[in-house]
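Inspection log for the structure reproduced underneath, given as structure tokens.
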Amino acid sequence: MPALDIIQLGNPILRAQAVTLTSVQIEQSAPFLGSLKDIMSKYQGVGIAAPQVGQSVRAFIVASRPNARYPHAPLMEPTAMLNPELLWQSDEMEQDWEGCLSIPGIRAKVNRHKRIQVRYQTESGQVIETEFDGFIARIFQHELDHLNGIVFLDRAGKHDVVTENEYQKLMGISQ
Ligand code: ZN
């Protein structure tokens, strides 16, 4: 597999509807998902979607852990989610800051559903139905948006978009 790299906003792949993986593609997905996890770790992401490396297929990794970008993140092993679906979403919303490896240097406050029920397939094709809340639910919604050509800025009000420098200042004041 050739080395993957992250594509940035402006690349039309980030605006495309990603394609559902067939069972044969899922069987053969391990090397690609391994590379996706590697590149996510390299950039200290807590999630990454296949379109972000130029592959317009319905797959993403969720890997919440405390790190420099998200010091209060809960711990979750990097988990590949294939053909993910949102089954239910709470009416209750929560606003919090997000960033994106494809939109470096920008942060925005985004409203997300606080709790969600989801279904996805694992790398071995097993169907999982589970519930997420808080930060992990936020990552899932952010990554699912990538599969539908949506980026987090699309969901942010114009007063809620700031540069990384301004974000750092805001965090310094609020903590
Ligand atoms: Zn993103």
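Can you give the accessible area of F132, probe radius 1.4 Å, in Å² rounded to 10?
30 Å²
How large is the accessible surface of D154 in square angstrom, using a 1.4 angstrom probe and rounding to the nearest 10?
80 Å²
Which residue, G45, G99, G134, tops the fluctuation ranking in a GNM of the chain built on C-alpha contacts under 10 Å?
In the Gaussian network model the winner is G134.
Straight-line reach from K42: which aspartates and glutamates fall under 17 Å, measuring Cα to Cα and dropping same-chain residues less than 8 apart?
D5, E77
Below 12 angstrom from the Cβ of V161, what's the summed charge of the other residues (Lys, Arg +1; Asp, Glu -1)?
Local net charge: -1.
Excluding ligands, DNA and RNA, what is the solvent-accessible area per residue of region 90-171 at a probe of 1.4 Å, expressed in Å²?
Per-residue accessible area for region 90-171 comes out at 49 Å².
Is region 1-106 best put as rounded, prolate or oblate by its Cα gyration tensor, with a ≥ b ≥ c the root eigenvalues, rounded for a/c under 1.5, and otherwise prolate when a/b is larger than b/c, oblate when not?
Rounded, because the longest to shortest axis ratio a/c is under 1.5.
Please list S56, S102 from largest to smallest accessible area, probe radius 1.4 Å, with all protein chains kept in place.
S56, S102
Arrange the residues I7, I48 by how much accessible surface each exposes, largest first, with a 1.4 angstrom probe.
I7, I48
Excluding residues fewer than 8 places away in the same chain, name every one of the aspartates and glutamates whose C-alpha is closer than 17 Å to that of K109.
Hits, sequence-local ones excluded: E92, E94, D96, E98, E143, D145, D154, D160, E164, E166.
Please work out how much accessible surface W88 shows to a 1.4 Å probe, ignoring ligands, DNA and RNA, in Å² rounded to 10.
Only protein atoms counted, so the area is about 100 Å².
In nanometres, what is the gap between the two model label sites at E77 and K42, each 7 Å from Cα along Cα-to-Cβ?
2.4 nm
Ignoring ligands, DNA and RNA, what percent of the 1.4 Å accessible area of region 27-154 is carbon and sulfur?
The nonpolar share, carbon plus sulfur, comes to 47 percent.
The values are calculated or read from the model by the stated rules, or taken from the named source; none is laboratory data. Here the structure is a predicted model, which is why all the values come from computation and not from measurement. Here the Cβ is made from the backbone with ideal geometry for all residues, glycine too, and neighbour counts use every protein chain on show. For accessibility, only protein heavy atoms count, side chains too; no ligands or nucleic acids. Shrake-Rupley method; radii C 1.70, N 1.55, O 1.52, S 1.80 Å.
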